[in-house]
Every structure is written in structure tokens, then in C-alpha cells.
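Beneath this line is the structure, given in C-alpha cells, with notes to follow.
The values are calculated or read from the model by the stated rules, or taken from the named source; none is laboratory data. The shown structure was predicted, so the numbers you read here are calculated from the model rather than taken from an experiment. Because the Cβ atoms are built from the backbone with ideal geometry, glycine has one as well, and the counts that use them run over all protein chains shown.
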Ligand SMILES: [Zn+2]
């Protein structure tokens, strides 16, 4: 996933009782304990997968490292595969049908299966022995709803039961589904449905063991109204095509539940390369195919770095503008915001990021959301490596530069009582419903960059390839990574880093003083111009911006001192037409600078902006800025009332919370 708002929004739900369970110091202790041994021994919390073939899924079920975001108990039952058979009903905004789960009984004495659900209507539950279709009704209880976790579905499991079939329906408020009216699409002709399961929303789509510890293969049948096309983050049958109303899918690789994904709409496909292509509404298909035209090259480069792509095809689905994230790494089919289709490939870093998740995240998965940096920090580092391989070193340096700035801002904005969120593996700070913070992404990437600097690229790459090979299709924890780092790189090349280095980076809040950053001469030149402009020795007319990339513009606007004199911003706006910018990222950075400087006359453009896109990274900070003044707050509330129905439930929840925080 791409980070959403880089703000303290990332940890809103820590008030929930479960969030505070588990000692923050576990990582440090694990790091130090292992690090202090003279001969480091691998003591991962979960079983090492070295002895298993790469394709054999294993489940990590350490009792001392609980996933506090699930009701599932993987020590009783584990889902091996499931089948969804669903009608997609746009009139009722409802998925309706059955989920059939194939289970392993881990504890032979287990008599109760607990599944995660949120706002599901459960009609009946039946069980059958393994391999049998003789389904018999069994007793079940749906617990009271918890605002954070949903409701546990408790199912009585007869001694011989290994299959469970649940007849159910979703509700219109399903947090993982957004049902769009035709008016909310580009074509304005047909409705649209898309899902977003990360982090805890798969349970609003189907009753499942909704934890990244457990991986399952699946098949699915979706029945949709005539004229619509269904896609899933899975392999589609050859006869899935426009004109059909029944679509079949299968996902032969085991996935964690948060990678379950579907979309239904007026969709067409265009191939990019032999393994890559784009799905989009017809009106945006050509532009999207051009923008993402380097997907095949990116795949080839990522494979050269981290080993074979193991998911078959890699396609991109372009969603309507209400999609709350930059991208979502659903396997085989990245879900993408249309706000990155800029016509100049300036934002395809998002594509490199989502593709890189095919390794870090999808292939080797964080075992709990606390370990989110293993997904996002790794992926951000890989994204930069892929950008370097495809577009050259300077482009990668620019992206690093923008990332460093995001990280500095995120750390700066943490209140003293939130400082612990500056750690890589904090106590469930990465609660992604409200959007991951820049710490997991950028500090995580920077940590890998430190390893690159100290051990050398070739050594780090070899170690990471081994990491992916050893843990393919499994879920991993932070202590497990640390233990392997110690048994691997640190043992091969002693003296490069020590336990204190690991503790500072992984468990320490903020950035170590000796952190090395990627330097960009281009951005240094932008800074030099900006300083002269701010000091008055360079006029606005004399700014040399010809050929500036998006990253240079973002750097200029994000680093500008605030407040700026209104007259100087007016000159800037007149020359570069920033208020009217059609680039969503530039407009966002400009609006923030202008709001901080009380720039007059922004409202019409800002209102258009906030009511036309729902990508959290680009809207939440603006609401937060507006809420700082009574006048801004009044404007924000009026615009939000109008924009809210068009936002995804995840974005609604984030902005609702901002509004409630402000009296
Ligand atoms: Zn990501």
C-alpha cells in the first residue's frame, strides 16, 4: 500500500483496549538477547522455513506474539483454502451467497472454530467431513460487535468436521467495499464496486480468519448484472469476458486475507507486455496503459534483484478517484488511484512500489500489523531500487529526497506522548485503517539503505534474495528478521553493525544521529534557488524551473518556509498557475503552503479538489490544516458534508475523526 496521510492520523485507534496489549520492549529484548551471544544463533519466534520447500505454506503461531487484531485462534483451526460463491447486488449494495472453508484441525481437541466478521448477516452454518458434500447444520453464535474488530463468529465443530459452509450477506456499510453510483464513475453509465481489505476489512466481505498469519488458496464465483465485468486479484477463467454474468477465479498461491480483492464495473483490458496489462474504464484505458507502460520493464528489473515473480500475471486496475490509497498491492492485480495518471510518468513510483510488494508483503508477509515495516519499509527500499534500474540513479535520488522530507515531517509532527511511534516495530502503531505512517515506509527503507552502505549492495541483495527464498508464501516477524540478519550478514561480515545499531534503528524512536541519507544534487540546487528566492535576491520571474520534475516541484513547495508573504505566493501562482494545477500532488503541496500563509481566494479550487478525489494522503492533511482556524474549520465542515458520501468508508472514518477532534 502507499502511505496515506503522513500525520498523526496513523494511530487513532490505539485507544482500543487491545492495541495496548503486549510490551513495546519485546523487539529490543529479542534484538539484544540474540545480539549478545558471541555466536549468534537463529532463534526465530516462528519456525524457520529453511527445511521446507519454497511452496509449502507454514503458519507461524507463536503464543507469545499474538495478533491482537483477530478473533481467530490458529492453534485450534487453520484455513487451508476457501471458496466464495457470491451474487453482486448493486440495488441492495450487497454481496450474498456462501463461503466454504477447508480447515486443518491443529488441536485435535478443538470443538469451536472462531472466524472474524464485521457487519455480516449470517444466515446459516453447516459443516461436513473432509472431502464430503454431506453438509449438516451446526450451531453458531455471532458475538456482540466491537467497533474495532467486528464480531467473532463462533461455530460448533463436530469431531469429524473439516469443511464449513456459511450462508451470509454483506451489509451496505461494509468497511471493505465501496459501492459507487454511475455518477461517481468516469463513464457515468454503470455502477462500480471495489474492495479494500487491508488491514482489517476482509472480514466485512466474508467470514474468515482475518490475520496475516494465516494464508489460504481460494476460488470464487461472482455473478454480476449484465453489462458489467468482474475482476479479482486472482487468475480469471478464459471465458470471463464482457457479456457474461458469471465470472470464475482461482488463486492457487496461498495469500493472507488482506490480499483478497474484487472489483466490478465497466472495465476493459489492454495488454502492456507479455505478462502485464491494464484494466480500466474505457475512457481512461489508453492514458492508463501509457502511464503504466513500463510495468514489464519494472518486473524484469525486480526479478533481477530479488528473484522470480511467482504470481503469474501482473496487471493494474485503475479505480475511480474515491479509492482511498495510492495503490494496493493485491496479488496479480494492483489496485491503483487514477490520481497518478499525470501524463508524464512522474508518479509511477507508486507502480514500482505496488509491484515490489509482490515480493515484500505478498510473498513474505508481516505476521502481525506490528511488523508492518517488513512489508512497507522493504517495499519502499525496493521501489527506489527499481526506479533506479528503470529510470536512472538521479530519478531514484529524487524519490529518496521526497521520502526523507516525508519522514522528517512525520517525526516532527509526533507529539511527545506519541514519540514511541517513531520506532520501526512499535506497539501496533501501524494501524493501517487510518493509514500507515511514513515511519514504517521511509525509516524502514532507510534502515535497509544503512545495511546497503555498511555491507555493500551485492551482499545485501544476496541476503534479501535468500530471505525471500526461505520464507516464500509465509508470514514473518521482526525478531525473525533480526535473528537471520545476525546469523547471516552480521556473521559473514563482523563488525559492520552491532546489537546497539539494531536496537536504535528498530526500537528507538526517531532517527539515529549517524543515519546516512541519499543525497541528490538536483534537490540541493532546488534548495539553493528557493533560499535566494525567499531572501529576495532572486525574483519569482527569475526562478529557473524549466525541466523541473514533479519531485523538484514537491521539494520546492514542501520545503518552503511558512508562512510566505502573500504577494510572493501570488507571483508564484500567476507564473505557474498552481491553484489550477491538474497534478494532484503538486496541487496538494501548493494548497498546504498557501493555507499556511493565509493565501486568499483558494476556496473554489480547494472545494473542487476535495470533492473530486478521495485519496487519503492528498485530502487528510488539507482537512487538518483547515481545521486550525475557525474560518478554515467552517469551510472544511461545509465541503466535507458535500464530499463525504463520495469518500470510501476508510477515508470517511479518518476525516470523521479529525472533525471530532476539533471542537
Ligand atoms: Zn506499500
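Quick notes on this one:
Conditions tested, residue by residue: (1) in a loop (DSSP other than H, G, I, E, B); (2) buried (at least 21 other Cβ atoms within 10 Å of the Cβ).
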residue: 609; (1), (2): no, yes
residue: 618; (1), (2): no, yes
residue: 641; (1), (2): no, no
residue: 644; (1), (2): no, no
residue: 654; (1), (2): no, yes
residue: 657; (1), (2): no, no
residue: 663; (1), (2): yes, no
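- Taking the stretch 582-618 as the range and being touching a residue at least 60 places away in the same chain (Cβ under 8 Å) and within 14 Å of residue 651 (Cβ to Cβ) as the test, the residues that pass are 612, 613, 614, 615, 616, 617, 618.
- Of all residues in the stretch 592-605 being farther than 21 Å from residue 413 by Cβ and in a helix (DSSP H, G or I), the one that is nearest to the chain's Cα centre (by Cα): 605
- Criterion applied to 399, 434 was being within 20 Å of the chain's Cα centre (by Cα) and at pLDDT below 85, and the one residue passing it is 434.
- Within the stretch 235-245, the presence of a residue that is assigned by TED's automatic domain parsing to the domain that holds residue 188, within 21 Å of the chain's Cα centre (by Cα), closer than 24 Å to residue 318 by Cβ and not in a strand (DSSP E or B) is excluded.
- Residue 178, sole failed condition from (1) without any contact (Cβ under 8 Å) to a residue 60 or more places away in the chain; (2) under 18 Å from residue 224 (Cβ atoms): (1)
- Count - residues of the stretch 251-272 that are surrounded by fewer than 15 Cβ atoms within 10 Å (Cβ to Cβ) and either modelled with pLDDT under 95 or under 25 Å from residue 80 (Cβ atoms) (or both): 1
- Boolean, residue 403 is crowded, with 24+ Cβ neighbours inside 10 Å and touching a strand residue (DSSP E or B) at 6+ places or on another chain (Cβ under 7 Å): no
- Residues that are in a loop (DSSP other than H, G, I, E, B), modelled with pLDDT under 95 and touching a helix residue (DSSP H, G or I) at 6+ places or on another chain (Cβ under 6 Å), drawn from the stretch 489-519: 509, 510, 512
- Filter pass, residue 200 being outside any strand (DSSP E or B) and surrounded by 20 or more Cβ atoms within 10 Å (Cβ to Cβ): yes
- Scan the stretch 387-396 for residues that are buried (at least 22 other Cβ atoms within 10 Å of the Cβ) and either part of a loop (DSSP other than H, G, I, E, B) or within 18 Å of the chain's Cα centre (by Cα) (or both) and the total you get is 0.
- Those residues of the stretch 318-337 which are at pLDDT below 95 and away from the ligand (no atom under 15 Å from the Cβ), in sequence order: 320, 321, 322
- Boolean, residue 315 is away from the ligand (no atom under 16 Å from the Cβ), at pLDDT below 95 and either under 26 Å from residue 651 (Cβ atoms) or out of contact with any strand residue (DSSP E or B) (no Cβ under 8 Å at 6 or more places or on another chain) (or both): no
- Residue within the stretch 356-368 that is away from the ligand (no atom under 16 Å from the Cβ) and surrounded by 24 or more Cβ atoms within 10 Å (Cβ to Cβ) present: yes
- Restricting 189, 144, 159, 154 to those that are outside the structural domain of residue 282 (by TED's automatic domain parsing), part of a strand (DSSP E or B) and surrounded by fewer than 20 Cβ atoms within 10 Å (Cβ to Cβ) reduces the list to 154.
- For the stretch 329-352, the candidate set comprises residues that are under 21 Å from residue 254 (Cα atoms) and in contact with a helix residue (DSSP H, G or I) (Cβ under 7 Å, 6 or more places away or on another chain); within that set, the residue that is surrounded by the most Cβ atoms within 10 Å (Cβ to Cβ) is 330.
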